[in-house]
1. Confirm whether GLY290 is within 24 Å of MET196 (Cα to Cα) and free of Cβ contacts under 8 Å to residues at least 40 places away in the same chain.
2. What residue, among those in the stretch 307-340 that are among the polar types (S, T, N, Q) and buried (at least 20 other Cβ atoms within 10 Å of the Cβ), is farthest from the chain's Cα centre (by Cα)?
3. If you check every pair at least six apart or on different chains, which have Cβ atoms under 6 Å apart with a residue in the stretch 179-194 that is closer than 16 Å to ILE266 by Cα first and a residue that is assigned to a loop (DSSP other than H, G, I, E, B) second?
4. Suppose we keep only residues that are open to solvent by 20 Å² or more (accessible area, probe 1.4 Å) and more than 29 Å from the chain's Cα centre (by Cα) within the stretch 289-306. Which one would you say is farthest from ASN97 (Cα to Cα)?
5. Look through GLY38, GLY14, GLY70 and report the one residue that is modelled with pLDDT of 90 or more, out of contact with any strand residue (DSSP E or B) (no Cβ under 8 Å at 6 or more places or on another chain), surrounded by fewer than 16 Cβ atoms within 10 Å (Cβ to Cβ) and not polar (S, T, N, Q).
6. What number of residues in the stretch 91-123 are among the aromatic types (Phe, Trp, Tyr) and over 15 Å from LEU147 (Cα atoms)?
7. For the stretch 125-142, what are the residues that are at negative phi and out of contact with any strand residue (DSSP E or B) (no Cβ under 6 Å at 6 or more places or on another chain)?
8. From the list ALA228, ALA224, exactly one residue is open to solvent by 10 Å² or more (accessible area, probe 1.4 Å), at pLDDT 95 or above and within 29 Å of the chain's Cα centre (by Cα). Which is it?
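The values are calculated or read from the model by the stated rules, or taken from the named source; none is laboratory data. Because the structure is predicted, anything quoted here is derived from the model rather than measured. Note: ideal-geometry Cβ built from the backbone for every residue, glycine included; neighbour counts use all protein chains shown. Keep in mind that these areas ignore ligands, DNA and RNA; they rest on the heavy atoms of the full protein, side chains included. Shrake-Rupley method; radii C 1.70, N 1.55, O 1.52, S 1.80 Å.
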Amino acid sequence: MGDGMEAEASQGQGRAEGEASAQAARNPVARDVARRAGVSTATVSRVLNGSAGVRADKRAAVMRAAHDLGFVANGAARALSTRRFMAVGAVVPNIENEAFVRLLSSFQERLRQAGYTLVAANAGYDLEDELREATFLLERGLDGLMLVGDIHHPDLHARIARHGIPVVQAFTLSREHACVGFDNAASAARAADYLMDLGHRRIGVISGLRKDNDRGGARVRGVAGALAARGLRLAPEHDIEISYGIGGGRDGFRQMLAGGPPPTAIICGTDQIAFGAMIEARARGLDVPGDLSVLGHNDSDIAAFLTPALTTVRIHSAEIGRAAGDHLVARITGRPALRQTEIPAELIVRASTAPPRRTEP
């Protein structure tokens, strides 16, 4: 009898090992995760689909079991059954721009908190490339999409509409589309007014490329409008359009100096452009802010630590990203969301601006 019990136990162990071996030989499925976590397959499904209403301890058990088993959800099958991909796309003009890095970082964090994954692409300020990148993402499945600005290829919004997903635009305000941003023209006008209040009358602008870039173009228009309101003008030789970056800022200031008497103050489209202008001014023996006041845009992390520290227009990129993420998650899940959210830019006065040394005509 003892031998029979031992044989039965041996057979049971063999069956268990066989089942474990069979499970190891195939990819784990939701049923395996449920068994290991001690929950139902329905609970596993709700956790993996990001649904609400699952207790924290059960959610943690499911995620731990899925990790231990090496379980990977079948995204295509899930999307077919739920019509949700748990992915949100973003296409930005320049992945190296610090403002867009902040935007994407906070946007991604909001999405992650809601159970979504961010898929991002760089368009390089080219509308055709933006259309191509967005189309690629749309065709692979998205629940929502973030774009930058209000100028896009004529076909882009039609393609988004065909996929039936919500879209939000960042960094500008739009009359037609959902947006989270600020008035670029008004923020640049405030910067120009500040310089004129200091006594500056010859004010120049160095901006990045303005074609298909409503942010850069609006800022230049804002400066020109503020000058015109006080009977002044933006002289053509003091209106410079260059490539982005510190090198572009140096080149832009060289061009400005080649055009005749320099301005006593310049407003730059980004802080990086302003850094370059300050470097070139110093190389030519000009004192900032004694001979030249310099003002940037974005409030880069190092702007406050330059010598002199840079006066700049602070764009609240992280706040814009968080609000854009909240907007899309709300619309994806069927909750109401404001069509337009304004997060105004802020003038940060530091040591790179001061009254001109002499009274201007």
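1. Criteria not met by GLY290.
2. Only one residue fits best here, namely THR311.
3. Close Cβ pairs satisfying both conditions: SER187/ALA345.
4. ASP291
5. Exactly one of GLY38, GLY14, GLY70 is modelled with pLDDT of 90 or more, out of contact with any strand residue (DSSP E or B) (no Cβ under 8 Å at 6 or more places or on another chain), surrounded by fewer than 16 Cβ atoms within 10 Å (Cβ to Cβ) and not polar (S, T, N, Q), namely GLY38.
6. Of the residues in the stretch 91-123, 1 are among the aromatic types (Phe, Trp, Tyr) and over 15 Å from LEU147 (Cα atoms).
7. Correct list: ASP126, LEU127, GLU128, ASP129, LEU131, ARG132, THR135, PHE136, LEU138, GLU139, ARG140.
8. None of the other options fit; the residue is ALA224.
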